[in-house]
Amino acid sequence: MGVLRVILGDQLSRDISSLADCDKKADVLLMCEVWNEATYVKHHKKKIAFLFAAMRHFAREMARAGYNLDYIKLEDNGNSGSFAGEVERAVNRHRPEKVVVTFPGEYRVLDDMQTWAQRFGIAVEIREDTRFLCSLQAFERWADNRKQLRMEFFYREMRKTHNILMNGREPEGGRWNYDAENRSPADGGLRIPAPYHCKPDATTRAVLALVASTFADHFGDLEPFGYAVTRTGALEALALFISDRLPDFGTYQDAMLQGQPWMYHSHIGLYLNSGLLHPLECVKAAERAYQAGEAPLNAVEGFIRQIIGWREYVRGIYWLKMPEYAGQNFLQARTPLPDFYWSGDTAMNCLRQCIGDTRQHAYAHHIQRLMVLGNFALLCGLDPVAVNEWYLIVYADAYEWVEMPNVSGMVLYADGGYLASKPYAASGAYINKMSNYCQSCQYNVREKNGPRACPFNYLYWGFLLRNKDRFAGNPRMGMMYKTLSRMSEDKIAAIEQDCRDFMEKSL
Ligand code: FAD
Ligand code: DLZ
Ligand code: SF4
């Protein structure tokens, strides 16, 4: 036999590098549903269902296209339960001359892959993942000798290198970044378009039954299930975003509304991260909408920045800094994750709503993840290991390469400021400005202290007090520490007492 080509569950792209020189007659494609991947953290039911259904559809399409598929289902007899076990079994079955695989999205998988050659006595070629616009080598070169990395400068390089939203050497519209125009709150009167929904076919229904019976104790609602599970479906979801949501994506990018988890976001993260969509095609579709006058620049630039800026930047940081990145805890945060992150059983309405959205859809949009769920974790000093695990479990788009820098870097400042120039800490006033959650909360966002006061208010000042030595010298936090320095001793004592009472009662 020829080559054994291993396709992992998040490598569902026909032009994946491991298939580049595939001989359809001689080579075999191995895809496997394995217990270890489904349970190394107890992923949300919808995440497992999405991935297994997408894997099965992809395998069928590839078989129809003439490839030799060796597809191992979770329930198949003899399934060893791990990537290594399935590669070993496949090597014994097919006796290939070598194994070819594309670089994985998680360090633990790479670590394992690097042992395969020796363990199974066969050549193993691990190829670059060319689905990203910036190679790991190019990112390393960019990062080399910089004391601090900043997304904005990386993003500008990406715009220039790939000639995206450029007018010659200048950025389209004269500015690189329209973020200042992307912070409008939303009111309940907005007409938010319905999101993409795909009716499950027989293959997906079989996966839903499998997940319901096998992973019943995992977090989250399995049904209703409406995610696309094929490239065709993912392209339809992208097209629907470009026509219906993109025009307002910028303006309401940071806004949150109760009962409106989807807002004007694209909901394509799970498709991008599993390979059903390619970053450049999403970016080009948005750029075309701008050129056709169908979407304004603030929306298009904002969307493109997320994909060629943040997405590529966090991946670069992950691979530059792993494995040390996983253990970082700059703020010495040690508080265990409270149970209500799973149950949603808390009187804080903003958290309850965001956890509820997450449980139902395996989705919450960026500001919910960052400024509600993440902000609370930061202010309370929740343990980074537990918080990382939570985020990896609960979102359908979560893979460690993208989840960890967002959590340890952007949210928790656990990396000491390598990714972000200051912590994204905020009081209840921010949540009140950007959402309508506070209107239905039993706490009062305008009260600063006492049993009815919004906990974010005193927790915010408590965080600044606790970390004064670390942040008082940070120029971007000067204003906050100036305000703190003007507070009376009584006020500070009240803040500290409220923080202690809250932590004792609620965490
Ligand atoms: P949109 O808002 O429509 O943005 C378009 C695309 O841009 C996204 O699909 C995504 O591919 C990319 N993008 C946007 N922001 C980021 C970012 N900060 N980092 C990387 N890519 C970005 N994204 C994941 O893909 N997987 C994760 O596990 C993940 N975990 C996160 C954890 C935290 C604490 C935070 C603050 C953010 C996290 N993000 C993660 C980034 C972002 O929140 C999601 O990509 C986004 O909410 C997905 O929804 P969407 O597709 O509607 O995105
Ligand atoms: C997330 C996931 C799950 C739940 N199950 C599988 C699986 O059974 N088989 C598979 O090939 N991939 C799965 N994945 C995705 C992998 O965890 C992912 O490929 C690695 O984390 C590397 O990015
Ligand atoms: Fe959240 Fe505070 Fe508003 Fe309640 S009052 S919803 S806890 S920010």
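The values are calculated or read from the model by the stated rules, or taken from the named source; none is laboratory data. Note that the coordinates shown come from a computational prediction; the quantities given were computed from them, not determined experimentally. All Cβ positions, glycine included, derive from the backbone under ideal geometry; neighbour counts span all protein chains shown.
Structure summary
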item: Candidate set from region 259-306 (those that are within 11 Å of ligand 1 (Cβ to nearest atom) and within 18 Å of A180 (Cα to Cα)); member that is surrounded by the fewest Cβ atoms within 10 Å (Cβ to Cβ); result: Q306
item: Residues located in region 1-26, provided they are surrounded by fewer than 21 Cβ atoms within 10 Å (Cβ to Cβ) and not hydrophobic (A, V, I, L, M, F, W, C); result: G2, R14, D15, S17, D21, D23, K24, K25
item: Residue in region 410-433 that is nearest to the chain's Cα centre (by Cα), counting only those that are surrounded by fewer than 24 Cβ atoms within 10 Å (Cβ to Cβ) and part of a helix (DSSP H, G or I); result: M410
item: Count of residues meeting criterion [surrounded by 12 or more Cβ atoms within 10 Å (Cβ to Cβ), of a type outside the set (G, A, S) and in a loop (DSSP other than H, G, I, E, B)] in region 118-156; result: 10
item: Neighbours by Cβ (under 6 Å, 6+ apart or cross-chain): first from region 132-144, farther than 20 Å from L272 by Cα; second buried (at least 16 other Cβ atoms within 10 Å of the Cβ) and at pLDDT below 95; result: A143/L149
item: Filter result for N444 (away from ligand 2 (no atom under 16 Å from the Cβ), over 19 Å from the mean Cα position of the chain (by Cα) and without any contact (Cβ under 8 Å) to a residue 12 or more places away in the chain); result: yes
item: Number of positions in region 431-463 that are of a type outside the set (A, V, I, L, M, F, W, C) and in contact with a Phe, Trp or Tyr (Cβ under 8 Å, 6 or more places away or on another chain); result: 5
item: Helices (runs of 4 or more DSSP H) completely within region 250-326 that count 2 or more residues being among the acidic types (D, E) and on the phi < 0 side of the Ramachandran plot; result: 279-291
item: Test: residue in region 165-187 that is touching a strand residue (DSSP E or B) at 6+ places or on another chain (Cβ under 8 Å), assigned to a loop (DSSP other than H, G, I, E, B) and surrounded by fewer than 19 Cβ atoms within 10 Å (Cβ to Cβ); result: yes
item: Options E37, E88, E75: the member that is in contact with a helix residue (DSSP H, G or I) (Cβ under 9 Å, 6 or more places away or on another chain), of a type in the set (D, E) and assigned to a loop (DSSP other than H, G, I, E, B); result: E75
item: Qualifying residue in region 31-54 (condition: buried (at least 20 other Cβ atoms within 10 Å of the Cβ), among the basic types (K, R), more than 10 Å from ligand 2 (Cβ to nearest atom) and closer than 24 Å to L210 by Cβ); result: yes
item: Residue within region 491-498 that is assigned to a helix (DSSP H, G or I), surrounded by 15 or more Cβ atoms within 10 Å (Cβ to Cβ), of a type in the set (D, E, K, R) and within 16 Å of ligand 3 (Cβ to nearest atom) present; result: yes
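Condition check ((1) within 8 Å of ligand 1 (Cβ to nearest atom); (2) more than 19 Å from D179 (Cβ to Cβ); (3) assigned by TED's automatic domain parsing to the domain that holds H265) across all residues:
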residue: R352; (1), (2), (3): no, yes, no
residue: D357; (1), (2), (3): no, yes, no
residue: Y363; (1), (2), (3): yes, yes, no
residue: L373; (1), (2), (3): yes, yes, no
residue: A377; (1), (2), (3): no, yes, no
residue: A386; (1), (2), (3): no, yes, no
residue: D397; (1), (2), (3): yes, yes, no
residue: D415; (1), (2), (3): no, yes, no
residue: A425; (1), (2), (3): no, no, no
